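All of the numbers you see were taken from the coordinates with simple rules; none came from a lab. Quick caveat: nothing in here was measured; it's all calculated off a predicted structure. Note that each Cβ is placed from the backbone with ideal geometry, even for glycine, and that neighbours are counted across all protein chains shown.
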Amino acid sequence: MSDHDYQPSSKLGKWFNDRLPLLTLSNHLAEYPTPKNLNYWWTFGGILTFCLITQIVTGLTLAMHYIADSDLAFASVEHIMRDVNYGWLIRYVHANGASMFFLAVYIHIFRALYYGSYKSPREVIWIIGMIIYFLMMATAFMGYVLPWGQMSFWGATVITNLFSAIPFVGEGIVAWLWGGFAVDNPTLTRFYALHYLLPFLILGLVVLHIWALHVPGNNNPIGIDIKKPSKDTVPFHPYIVIKDGFALLMFMIVFAFFVFYSPNILGHADNYIEANPMVTPAHIVPEWYLLPFYAILRSVPDKLLGVIAMFAAIFVLVILPWLDTSKIRSAVFRPLYKQFYWILVIDVLILGYVGAMPAEGLYLLVARVATTYYFIHFLIVLPILGYREKTIPVPLSITEPVLGGSPNPGLIKRKESLN
Amino acid sequence: MKKIVTITYLIFLLLIGSYQVRAAEKTDLIKIDWSFNGLFGKFDRGSLQRGYQVYSEVCAACHSMKYLSYRNLSEKGGPEFSIEQAKAIAASFEITDGPNADGEMFTRPGKLSDKFLMPYENDKAAQAANGGAYPPDMSVLAKARKGGADYIYSLLLGYDDPPNGMILDDGVYYNKYMYGNQIKMSAPLSEGLIEYGDGTEASVEQMSKDVTTFLMWAAEPHLETRHRMGFKAIVYLIILTVLVYFSMKKIWSRVESKV
């Protein structure tokens, strides 16, 4: 890396940089060679950083007014909505921000799946990313409990009860999580503490995620290794900064529509009813971003196996770099994988849909088929596909022509559309 | 670029669509073109003031509104009673305060800073007085029911004779829009039940519409500010996006790649 050659121009800068090379770091970030053919699916990393910062800043402000007490929590949220200056804005940004965060993270993950970004040498980036995703779900779940509405309370009851499925120690673990014999004040206060803590763990992991990214550099739509820096790359600043900025603004427009014009559409009406342990809501439904996993959980008739299936659904993603045996990264050159990829996307959307429906009749059947297919995709299709699939020849570089073989008009056309 | 926009859009449609499928359960609600809907939606001031009258003369006998204060009645974006009117409204309620220097509780006329007086001492008293059914607090009711304002409006107009063969217990009434069609609140509104101060005819539809508008405001007191700010924010973002787009084009014209 050429980072070591960097010298600040001013004397003071040099003095400081010799003691703490912050300027070398910022120079590295600005000069960081990035493939020039990255498409807009690559802008979600920056968008996600924005989402995390937004959640932390709005969350911090809410924490100044929120009271974590089962008798006062609901009223304190109403106090924020009514009497705190722009409290309604801060809270709606925070609540919808969680949904936007997940929307962006799902696009980010599915982009990695399409272009094989999880493959060698980027396995560690991927695994850190999966840990972040898991922590995000935990954080979001605990955050949803804090307003102490009906869905908060009953969602917390259902999800924490999952641990009771663990043989022998399950009941003990649940009581330990609750801090009592039901979801109550101790549960609320510890969820609040953890909801405050986890985002900072996520922030730390994001730093590691980016650090791990900067070792091999970005993958790209063609999925080939490129020389850095070369004519295949552009410096991060200003090229990627402005492009990420543009994409972020587009994202913010969508975000603003939710916040200002339908702030409650992604939430559940029942959560505006204060928590009442004596009244169970007709349907207990988690937030939309957890629905696919909820569908997997409910599609297994046995409680313990259901919980195992749900966690396994995340775990197969963690070991994905070793399940996918294909040496070719990008789906652009994998005609069969591309089809299976889109089937998976549809499968997950179906899981999300049935997760919102009552677990009975046709919905349950569909959930079971979709769950089975989810695991088939990762555990059977991907390992076999790597050996069986006839891939399209991959170009040597982003700017150079295709390696050997006869010219493939379809590929050239596709290549052009990528550039 | 186009593809991305379309796909993102489709994802959103799917997301919202799945929620609406869930919302469209059983009986369709009566849909009203509320003045507070839409990008520039505002509350109808007259309707809010009449709605408060309906609330205070009818609903308030059983339903509390514990998160609202009398001062809210004169605040911008609400019914916008004058300060004097709001003070008079507050003063018409006897508020228990204290303890005083002697350790005694005492009553005094309400002030602007007081919360709306609750009709019952506590939830249990409310239940006991209403045949075991708890009349929900109305502060956020319009957000706490699927369908929101349309649901409340429909419910108020949804009283009907039970279909043949349906036997109702004592103190239970048939309502088309209630979950399970059985409700413990008797039809609260009837023709000419109250006399509007502004001379508007107090039909059941009119009263339902007014009180629903009032409840929507109570649940979202900053709705008007939100709509106004949202419009400005989005216009600002769109202009900035266009500027950044052209800057991006200019910067990327130095390399042969397209963005």
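Its Kirkwood hydrodynamic radius, worked out from the mean inverse distance over all distinct Cα pairs, puts the stretch B:181-259 at 17.9 Å. Averaging 1/r across all pairs of distinct Cα atoms in the stretch A:224-349 and inverting the result yields a Kirkwood radius of 19.9 Å. Couplings for the stretch A:171-185, taken from phi via the Karplus curve 6.51 cos²θ - 1.76 cosθ + 1.60 with θ = phi - 60°, read 4, x, 5, 5, 4, 5, 5, 6, x, x, 10, 7, 5, 7, 3 Hz in order; Gly and Pro are left as x. Cβ-Cβ distance of A:Leu22 and B:Lys31, R₀ of 56 Å, FRET efficiency by 1/(1 + (r/R0)^6): the value works out to about 0.40.
Using a 10 Å Cβ count of at most 13 others and DSSP loop calls, identify the longest part of chain A lacking such trypsin sites (Lys or Arg not before Pro). The longest such stretch corresponds to A:1-226. In whole percents, the pair-distance distribution calculated for the stretch B:83-122 from its alpha-carbon pairs, binned every 10 Å from zero, is 29, 47, 21, 2. Taken over the stretch A:24-284, the convex hull of the Cα atoms encloses 153 Å³ per residue.
Placing dummy labels 7 Å off each Cα toward the beta-carbon, the span from B:Ala88 to A:Glu360 is 5.5 nm. Just so you know, the averaged projected area of the alpha carbon convex hull for the stretch A:75-213 sits at 10.5 nm². Look at the stretch B:67-74: the mean tally of other chain Cβ atoms within 10 Å of its residues' Cβ atoms is 2. Normalised by residue count, the stretch A:288-392 yields a Cα convex hull volume of 97 Å³ per residue.
Working note: Cα atoms of the stretch A:143-190, range along each principal axis, descending, whole Å: 33, 16, 15. Value of Rg to Rh for chain B, rounded to two decimals, is 1.11; Kirkwood radius and Rg both from alpha-carbon coordinates. Approximating the spin labels as points 7 Å out from Cα along Cα→Cβ, the A:Ile53-to-A:Ile173 distance works out to 3.8 nm. Note on the stretch B:122-259: percent of Cα-Cα distances in each 5 Å bin, starting at 0 and stopping at the bin with the largest distance, equals 2, 8, 11, 13, 14, 12, 7, 5, 5, 5, 4, 4, 4, 3, 2, 1, 0. Loop-located chymotrypsin sites (Phe, Trp or Tyr not before Pro) across the stretch A:171-265 with a Cβ neighbour count of 13 or fewer within 10 Å are A:Phe181, with loop assigned by DSSP. Convex hull of alpha carbon positions in the stretch A:90-138: directionally averaged projected area 3.6 nm². Report, please, the projected area of the protein assembly as shown averaged over directions, based on the convex hull of its C-alpha atoms, in nm². Projected over every direction and averaged, the Cα hull of the protein assembly as shown covers 39.0 nm².
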